[in-house]
Structures are given as structure tokens and as C-alpha cells.
Amino acid sequence: METKSQMADLIDKHKVAAAFGRAAHSYEQHNELQRRSGNALLQRLPEWGDTGLDLGCGSGWFAPQLKQRAEQLLALDLSPNMLQQATAKADIIPICADMDAMPLPGQSLDWIFANLCLQWSADPAAWLKGWSDRLKPGGVLVFSTLLAGSLHELEQSWQQLDGHAHINRFIAFEALEQHVTATGRRWQLQQVDEQLCYPQLKGLLLDLKGIGANRVNGSRRPGLMGKQAWQRLNLIYPVNHQGHCVATYRLAYGVIYG
């Protein structure tokens, strides 16, 4: 398991902010996975609270629905461009900050909605403990995150092509269970596979770039992919009976109680 310092070295928050900032205006053309996981989280979220937090809010896709469940909706994101998009969608209090810094006091939130942002934390254990400590008694933190095994079709194809890592590293389900247990609170955790299909491989790569998630959080091969490598990757990538490229995302849905 990676230590906190190793994870911090792997995740460059300035590069993450820049990538999502560049993707702000294209994000909602490519966020099918985020929509699916966010809808699943809404089913686990309380119907009402005085103060709620959309943590890692991105472009604010779920802000209108979340605002209906809180008197005051806070929205935190690392990217100013994303927050600008979010403020146009709902009456929110924007907070431009690193979610690992946790710039809110303890026991101040009735609920936290954290859709696919935990994987960008430099210290998932501290993230889970720290944000659950921000819940009021009786509050609820709902979160989704990507797990090890996500995008395995793309990872294996790249390995055949050049042997380099092109896929972000994601936490193992067992490690996530340990981190959630270490919060000392009641919790629920579920693992689900979601598959997206693309008529062409280019569609998958455009989705990853369009949501700002094409940054690799480990060592990566420098330089651009040439035409020959691109053609080979297309030949290697597995397709289903319809001839479509399938991308499998392994997700965890979690609930932590205040």
C-alpha cells in the first residue's frame, strides 16, 4: 500500500486543477459515468439538511438537485473554471480549495455528496476520516470512487503496445474497506461495475480527456502517440459482438454516518 508521501508525489494538484480547468467547457459532453454514479449517490443521500456540501463539484451537474435538499449548499472544487460553471447552475456558496485541506470546521455539515473525487486525494484514509469528522451528529457522507481494475481493457491494451503505465492507479476495494473502518463510524460499502460502450476507441479517449481525467498519476511515457502506435492500439483493443469498444469502470459506493 502506498504511503501518504508516496501518494502526494504521485498526485500533482496543480496539474489536476489545470486539466479539469481546461475541460470545464467540454465536461458535460463526456460525463456519462459521473451522471450514473451521481444518480446512484442521490438515492443514498438524505432528503433534507440545513447545510450540504457538493465536494469536488466539478461543473455543478448535480447542483440543482442538491440545492433542493439543503437550505445552504456549499460547493468545493480545485478548479476556478469548474466553479464558475457550477455557480451558473444553482444558488451555491463556491469554495475554491484543495479537498485534502478540508477548509471547513468539524461537525458543520448535515450531508456531503462526493461523486468520483476521492481518487484524486493524496491520502484517502485522511480524506475519509477528515470529511466524516465534518458531519454533524446524524449527518451522512455519500461517496463514489474508482477502484483497482477500472479501465482494465485499456490498461492491458497499452501494456501489450509499449509496456508503459497509461492508466491512473486506483485503490483496491480491501484497502478502501480498511480506511472506512478506521473512521470509527458506521458505514456501508458496495462494489459495482459500470460499462460504457464506444463505436470507436477514439470516443473513450475523448471522454477521458473531456472530463479532465486523462492525467496519469504515476510515471507515464513521454511524448505524443504516433500514427502507427494509434493504429496498433485500435487493433489490440477488445471489442464486443457489436464491434464496440467496452470500457469497464469498477466503482465503490460508500456511506459514512456522523
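The values are calculated or read from the model by the stated rules, or taken from the named source; none is laboratory data. A quick note: this is a predicted structure, and the numbers were derived from the prediction, not measured. Cβ: placed from backbone, ideal geometry, glycine included. Neighbour counts: every protein chain shown.
Would you kindly identify the helices (runs of 4 or more DSSP H) lying entirely within segment 8-118 that contain at least 1 residues that are among the β-branched types (Val, Ile, Thr) and either in contact with a Leu (Cβ under 6 Å, 6 or more places away or on another chain) or modelled with pLDDT of 95 or more (or both)? Spell out the reasoning first.
Values: elements: 13-23, 32-42, 63-67, 80-87.
Output list reads 80-87.
Please count how many residues of segment 152-185 are charged (D, E, K, R), touching a residue at least 24 places away in the same chain (Cβ under 8 Å) and closer than 23 Å to Tyr253 by Cα.
Narrowing segment 152-185 to residues charged (D, E, K, R): 153, 155, 162, 169, 174, 177, 185.
Subsequent filtering for residues that are touching a residue at least 24 places away in the same chain (Cβ under 8 Å) retains 153, 162, 169, 185.
Of the ones still in play, those that are also closer than 23 Å to Tyr253 by Cα are 153, 169, 185.
Total satisfying the criteria: 3.
Check segment 78-92 and report whether any residue there is free of Cβ contacts under 8 Å to residues at least 24 places away in the same chain and at negative phi. Steps first, answer last, please.
First, pick out the residues of segment 78-92 that are free of Cβ contacts under 8 Å to residues at least 24 places away in the same chain: none.
Looking through segment 78-92, none of the residues is free of Cβ contacts under 8 Å to residues at least 24 places away in the same chain and at negative phi.
Condition (residue is surrounded by fewer than 15 Cβ atoms within 10 Å (Cβ to Cβ), out of contact with any helix residue (DSSP H, G or I) (no Cβ under 8 Å at 6 or more places or on another chain), within 22 Å of Ser79 (Cβ to Cβ) and not acidic (Asp, Glu)) applied to segment 167-188: is it met by at least one residue?
For segment 167-188, residues surrounded by fewer than 15 Cβ atoms within 10 Å (Cβ to Cβ), out of contact with any helix residue (DSSP H, G or I) (no Cβ under 8 Å at 6 or more places or on another chain), within 22 Å of Ser79 (Cβ to Cβ) and not acidic (Asp, Glu): absent.
Looking for something of a type in the set (D, E, K, R), touching a Lys or Arg at 6+ places or on another chain (Cβ under 8 Å), closer than 16 Å to Leu116 by Cα and outside any loop (DSSP other than H, G, I, E, B) - is there at least one such residue anywhere in segment 159-170?
First pass over segment 159-170, keeping only residues of a type in the set (D, E, K, R): 162, 169.
Now narrow it down to the ones that are touching a Lys or Arg at 6+ places or on another chain (Cβ under 8 Å): 162.
Checking which are closer than 16 Å to Leu116 by Cα leaves us with none.
No, the conditions are met nowhere in segment 159-170.
From the list Gly203, Gly149, exactly one residue is assigned to a loop (DSSP other than H, G, I, E, B) and within 30 Å of Gln231 (Cα to Cα). Which is it?
On the way: Gly203 fails: assigned to a loop (DSSP other than H, G, I, E, B).
Going through Gly203, Gly149 in turn, just one is assigned to a loop (DSSP other than H, G, I, E, B) and within 30 Å of Gln231 (Cα to Cα): Gly149.
Could you check segment 64-82 and list, in sequence order, the residues that are more than 12 Å from Leu109 (Cβ to Cβ) and within 16 Å of the chain's Cα centre (by Cα)?
Result: Ala75, Asp77, Leu78, Ser79, Met82.
Among Leu76, Leu116, Leu66, which is the only one that is touching a Phe, Trp or Tyr at 6+ places or on another chain (Cβ under 8 Å) and buried (at least 20 other Cβ atoms within 10 Å of the Cβ)? Before you say what the answer is, go through the steps one by one.
On the way: Leu76 fails: touching a Phe, Trp or Tyr at 6+ places or on another chain (Cβ under 8 Å); Leu116 fails: touching a Phe, Trp or Tyr at 6+ places or on another chain (Cβ under 8 Å).
Matching residue, one of Leu76, Leu116, Leu66: Leu66.
Can you name the residue in segment 119-160 that is at pLDDT 95 or above and small (Gly, Ala, Ser) and, of all such residues, is surrounded by the most Cβ atoms within 10 Å (Cβ to Cβ)?
Restricting to residues being at pLDDT 95 or above and small (Gly, Ala, Ser), the top hit is Ser144.
Would you confirm, using the coordinates I've provided, whether Leu161 is more than 19 Å from Ala40 (Cβ to Cβ) and either touching an Asp or Glu at 6+ places or on another chain (Cβ under 8 Å) or hydrophobic (A, V, I, L, M, F, W, C) (or both)? Outline the logic, then answer.
On the way: more than 19 Å from Ala40 (Cβ to Cβ): yes; either touching an Asp or Glu at 6+ places or on another chain (Cβ under 8 Å) or hydrophobic (A, V, I, L, M, F, W, C) (or both): yes.
In short, yes.
Filter segment 39-58 for residues that are surrounded by fewer than 23 Cβ atoms within 10 Å (Cβ to Cβ), of a type outside the set (A, V, I, L, M, F, W, C) and farther than 14 Å from Ala70 by Cα and give the result.
Passing the criteria: Asn39, Gln43, Arg44.
Just for segment 208-251: of the residues that are among the hydrophobic types (A, V, I, L, M, F, W, C) and in a helix (DSSP H, G or I), which one is modelled with the lowest pLDDT? Break it down stepwise before answering.
At the first step, the residues of segment 208-251 found to be among the hydrophobic types (A, V, I, L, M, F, W, C) are 208, 211, 213, 216, 224-225, 229-230, 233, 235-236, 239, 245-247, 251.
Narrowing further to those that are in a helix (DSSP H, G or I): 208, 229-230, 233, 235-236.
On the way: Leu208: 77, Ala229: 82, Trp230: 81, Leu233: 89, Leu235: 91, Ile236: 92.
The extreme case among them is Leu208.
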